[in-house]
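**Q** Pasting a structure here, questions to come.
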């Protein structure tokens, strides 16, 4: 694994990537446990996590399935945007409290936005009274989420967990 530059401009090393992977799998894992898994001091883990957070690489949050906590309308919305306006539409969408994910895409839609609303009236207001009136939006298409079968945010965790568990990453298996 080589170094990769991230948003803060400093390269990520293997220890950074392993810390990220561990926290993606368990965001509440104690720094002392991470340090033991990686064979480094807990103060190093604390410093690295703080640096990763400050540089916008890592954010530790609790994620709930919106359909189980009182939000009835969870949808992906594809937006077609006037040429040259895509970044501006993304900026406007990310300011909406209902959006949880906004991405610029290549393909049929210029932008995709994940939205979470209380009910049909709330969703209707969001799309018809706010999104459709945004400068640059040509059209929208909504895809309602009926059931959530996987909601994970652990990119690369499997590879790092395998290294940690089999000892190649300098860590001991959980039961060892």
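**Q** Between Rg and the Kirkwood Rh of the stretch 66-144, both from Cα atoms, what is the Rg to Rh ratio?
**A** With Rg and the Kirkwood Rh in hand, the quotient comes to 0.95.
**Q** Still on this structure, please answer the following. Let me check against my output: what whole-number percent is the relative contact order of the stretch 4-61, with C-alpha pairs under 8 Å and at least 6 apart?
**A** Reported as a whole number, the value is 35 percent.
Values in this text are rule-based calculations from the coordinates and carry no lab data. Note that this is a predicted model, so its numbers are computed, not measured.
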